[in-house]
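*Asks:* Have a look at the structure that comes next, please.
None of the figures in this text is laboratory data; all of them are computed from the coordinates on show. All figures in this text were calculated on a predicted structure; none of them were measured in a lab. Positions of Cβ are backbone-derived with ideal geometry, glycine not excepted, and every protein chain shown enters the neighbour counts.
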Amino acid sequence: MGISRILTFSLRLMLREWRSGELTILLLALVVAIVSHTTIGHFTDRISRSMLINAQHVIGGDLVLSGSRPFDPEVRAEADRRNLEIAGTQRFITVAGNDDILLVAVKSVDDNYPLKGSLRVTREIYGAEEAVTTGPTPGEAWVEVRVLHALGVEPGERIMIGEATFTITRIVTYEPDRGNSFYSFNPRVMIHQNDLEDTGVIQPGSRIRYRNMFAGDTDQVNGFHAWLEPRLKPGEHIHTLAEDRPALDETLNKARQYTGLASLVALLLAAVAIANSGRHYSERHYDTSALLRCLGCSQNDILGIYVLQLLLLALVGGVLGNLVGWAAQAGLIAALGGLLPENVPGVGIMPVLSGLFLGFVALLGFTLPSVLRLRTVPPQRVLRKELTPLPLSARLVYGAALVLIVVLMWIYTGNIVLTLGMVAGSAVVIAVAVLVVGGIFRLLGRLLFLAPASIRAGIRNFLRRQRGTMIQTIVFGLTIMTMLVVLMLRTELIATWQETVPENAPNHFVLNIQHHETDAWTDFTARRGITADRLYPVVRGRLIRINGVPVLDHVSKEEQDDDGIHRELNLTWSKDLPSDNTLTAGKWWQPDDRGYVRVSVESELAERLNIVIGDELMFFTGDRNWTAEVVSLRSVKWGNFKPNFYMIFNPGALNALPTTWVGSFFLESERKKLLVDMVRSFPSITLLEVDAILTQVKSIISQVTLAVESILLFVLAAGFMVTLSAVQASMNERLQEGALIRTLGGSRRLLRINQWSEFASMGFLAGLIGVLGAELVIALLYWRIFDLDYTITWWAWALVPPASAILIGLAGIWSSQRILSRPPITILREADA
């Protein structure tokens, strides 16, 4: 046959099969698989990019460059050439005042500030907040409320900074690029950059920090980052979200990893659904292929006919799946509305391409091996139901398809450990299913006589269709495993995120409480019903030597800008290990530590500075040097909105040093007026309000949680469709068996019991196998990717096997309805046709 005749015949045969319903199952499985994959892909891609954009508001830009001297003009010129937006600030410490004076942190800003996010200001003390996207104009000063309290001034009055006079017009409550430390902030004053020279404060040798923030498309920013990094000068540093907001960055990373896992699961379920339906499609064409051989078609003709059909099916399924997937994610985005981040980006091209690629790879990869067998079907197949063994070429196609699916998973998730973990879990499920089902077949064969007569026929069907039963059990097991992995991980991640910022988390920090004021502070908060955490003593000190060697000699050139090296640290002592700290090495205080100076060091700082147990650290405080021995290392949850410390000493170790106290408390917004009374009662304290930061972090975590919940629904829906495709794959054979049973006098009740017992048996086995595979995958993911503590999920072992037996058993009863609704003679005539 020529190519044109093969194409014409293939299309005619395909249309005939479509009208008869032969292609419905395969096309439906393909479309459902691609819809699940593209919907999750589009949704997770858009939400992930949106969450990252909102999180970048926290640091003020997509990329931030800081330094101790003005930047090379070439930096701004290159940013302009790449069409990046730029905003600049300068920060320095100076004195402000009128009749009184106060040491303040001044920030001068240009017209583009803030570049990301918005400032929040009020016009009166503790008045209603408003969001603004511009800073002060020349001649204005925007201040924090503690500047007003300390200087005794009101909005509208004037203060002097250096040689310039400014009018206070706004009270600043939130700055998107404020930074991460709650302890080292001086009261803030914000002015316009044009007024900086008029102050006369900046002179040669002045300590000032310059900061440029850049924003643009991801490719533009990444390209600029690559250009800028090798050109950094001493003292210059590129800031990222991971450095400025490590807890928030960790939350976003885990969300991205979870969405990658969900996409991987969608791919895996898609491959299972297509492979199962593709095998069923090929088996239905054995007789047609044998008949074509009898009519003179060559092996290559038959191969061309079916390959053309598969290619057309893959194209149609890919286009339909992408269209429905796009519509589904758009509908979900619209339905969720205000619950999602603002300005959700548009759809990307990657899910579209991967959906099309998935359709071709999965359909051809998992169906072509059976099609290769069709070309070798002997003509006598018309008379004798015989098949040739699966050729080596078909096995190679299976292998190539599996490799391509794994590669696609890797490319799409960007995480080889995640991909290999799911692949390994799937391999375990398949291997265990083969061994367990084979063993149960032998056991049931010996114990069949003990089963009640009403379900004995169903168990015989279970035993008789060993190959089909094993395949369906594996399909059910893989589906249960993937859904369990996503469900278990979702539960653990959401619980972890909710613990990060619990309800009533402290939204105010108080510094500089004097020793003689601690009892009065406790009494003040208790009498006014303020929820306050414990107070921590603080000694300011700088780490200068490790084992007698200067700190800078312990780190690489890249690490020499570390905050733990150059700035004073807040040192504290505590009898007990703080609740959100975990020892990673060494021991907490022992009785023989009394009388000595011992210290526990935060583990990440210890790693950067190469500090180990037994090292001697030298600190500088005031006018004296003193040493301490390292006895333990500990991890710290920096994002819990509580006072945290790099260094904690044993009780009594710092008694001879000047000490103040810090604490935190929660205060409802409607009770903010109490802060005025607080500042008047304790005039020496420094009060920091972090409501805006707390609200932003809570908002991002809520958005992440919502995204995770929505993705879980998609995965469950995909798993449900795979289960239906597995039930449909054996429907023709079951129709014929049901017709024979009814012809021989079997009752409808007997058919239902047979179907339920067979599917329930498969469901129970699949549940056990799926839970085992899920536990293995979860253990690997917790250990290598999500940094969570793994424990056996006992509820899954107790609930999933019986639940899957019931649900899949009900699917069997549902499948029997088609058998009962059609006359036996009609089914038998169609089988002979």
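*Asks:* By average Cβ neighbour count within 10 Å, what is the ranking of 508-514, 160-166, 481-487, 752-758 from highest down? Can you show the working numbers first?
*Replies:* Details: 508-514: 19.4, 160-166: 17.1, 481-487: 25.0, 752-758: 23.3.
The densest-packed peptide leads the list: 481-487, 752-758, 508-514, 160-166.
*Asks:* Can you tell me how much longer the chain between ASP519 and GLU129 gets when fully stretched, taken as 0.36 nm per residue apart minus their C-alpha distance, in nm with one decimal? Numbers along the way, then the final one.
*Replies:* Values: separation 390, 0.36 × 390 = 140.40 nm, distance 3.33 nm.
Going from the current span to full extension adds 137.1 nm.
*Asks:* Between ASP623 and TRP783, what length in nm is gained on full extension when 0.36 nm per residue of separation is reduced by their alpha carbon distance? Don't skip to the end; give the middle numbers.
*Replies:* Working: separation 160, 0.36 × 160 = 57.60 nm, distance 4.68 nm.
Gain on extension, ASP623 to TRP783, equals 52.9 nm.
*Asks:* Read phi for every residue in the range 349-364 and hand back ³J(HN,Hα) as whole Hz from Karplus 6.51 cos²θ - 1.76 cosθ + 1.60, θ = phi - 60°, with x for Gly and Pro.
*Replies:* 8, 4, x, 5, 5, 5, x, 4, 4, 4, x, 5, 5, 5, 5, 5
*Asks:* Please go through the residue pairs LYS642/LYS672; LYS575/LYS642; LYS637/LYS673; LYS575/LYS672 and name each one whose alpha carbons sit more than 23 Å apart in this structure. All intermediate terms of the calculation are to be shown ahead of the outcome.
*Replies:* Numbers: LYS642/LYS672 20 Å; LYS575/LYS642 17 Å; LYS637/LYS673 31 Å; LYS575/LYS672 33 Å.
Cα-Cα > 23 Å for LYS637/LYS673; LYS575/LYS672; rest within.
*Asks:* Quick one: if you stick a label point 7 Å off each Cα along the C-beta vector at ALA424 and ALA798, how many nm between them?
*Replies:* Computed distance between label sites ALA424 and ALA798 equals 2.9 nm.
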